[in-house]
1. If residue 17 passes every condition in (1) in a helix (DSSP H, G or I); (2) within 18 Å of residue 121 (Cβ to Cβ); (3) acidic (Asp, Glu) but one, which one does it miss?
2. Please work out which one of (1) at pLDDT 90 or above; (2) not in a loop (DSSP other than H, G, I, E, B) is the condition residue 76 fails and give its number.
3. Inspect region 89-100 for any residue being touching a His at 6+ places or on another chain (Cβ under 7 Å), assigned to a loop (DSSP other than H, G, I, E, B) and assigned by TED's automatic domain parsing to the domain that holds residue 50 and give the result as yes or no.
4. Please work out which residue is nearest to the chain's Cα centre (by Cα), limiting yourself to region 150-170 and to residues that are in a helix (DSSP H, G or I), at pLDDT below 85 and surrounded by fewer than 10 Cβ atoms within 10 Å (Cβ to Cβ).
5. Quick one: is residue 102 touching a helix residue (DSSP H, G or I) at 6+ places or on another chain (Cβ under 9 Å), under 25 Å from residue 19 (Cβ atoms), among the small types (Gly, Ala, Ser) and surrounded by fewer than 12 Cβ atoms within 10 Å (Cβ to Cβ)?
6. Pull out all pairs, ordered by first then second residue, where Cβ-Cβ is under 9 Å, the residues are six or more apart or on different chains, the first lies in region 110-127 and is in the same structural domain as residue 87 (by TED's automatic domain parsing), and the second is surrounded by fewer than 17 Cβ atoms within 10 Å (Cβ to Cβ) and among the hydroxyl-bearing types (Ser, Thr, Tyr).
7. For region 2-13, state whether one or more residues are assigned by TED's automatic domain parsing to the domain that holds residue 115, β-branched (Val, Ile, Thr) and assigned to a helix (DSSP H, G or I).
8. For region 116-136, which positions are assigned to a helix (DSSP H, G or I) and loosely packed, with under 12 Cβ neighbours inside 10 Å?
Amino acid sequence: MALNLSQKKEVVAELADVAATAHSLIAAEYAGTTVEQMTAMRKKARESGVFLKVVKNTLATRAVAGTEFECVKDVLVGPLLYAFSTEEPGAAGRLIKEFAKGNDKLQPKVVAMGGQLYPASHVEVLASLPTREQALAMLARVLAEPAAMFARAIKAVADQQGGGEAAPADAVAETA
């Protein structure tokens, strides 16, 4: 179904809004993908914070103009599916990687992140990025380590000086 001018403007505006705040973009060829596969992928995309859209490349080029994804405009060729990660940088990579396993027709073509264009093979790299929860857990471990080291050092000094047990407060007062 062909879009009229106002519908095209709406699509460009919607994509531009998403592109302005998205963390990453993957463009993938999808020709030959069944309706059931696309429906399942769209459902999973909604659940994982990925904006998934099939649009003409000319509309996508207009939508990404002025965003960090403008770098992809010269490589958008053929029928493409656009997956924007809106919540976590790696979400689109994980989605495309997962669905490409069971569908050889779904082929990533372009990966973009941080204003840089990467080859399709970088879907693996993008998919391996930690989720927000994983990143926060890693940060918590890093921040907790100095305190744990300090506690171990205090315990080691106490073990050396008093055989591992702290002296009672009365004994400390009598020796002073």
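1. Every listed condition holds for residue 17 apart from (2).
2. (2)
3. Yes, that holds for at least one residue.
4. Among residues in region 150-170 that are in a helix (DSSP H, G or I), at pLDDT below 85 and surrounded by fewer than 10 Cβ atoms within 10 Å (Cβ to Cβ), the one nearest to the chain's Cα centre (by Cα) is 169.
5. no
6. These pairs meet every condition: 111/121.
7. Looking through region 2-13, at least one residue is assigned by TED's automatic domain parsing to the domain that holds residue 115, β-branched (Val, Ile, Thr) and assigned to a helix (DSSP H, G or I).
8. Result: 121, 133, 136.
The values are calculated or read from the model by the stated rules, or taken from the named source; none is laboratory data. Note that this is a predicted model, so its numbers are computed, not measured. Don't worry about glycine lacking a Cβ; one is built from the backbone with ideal geometry, like all the others, and counts go over all protein chains shown.
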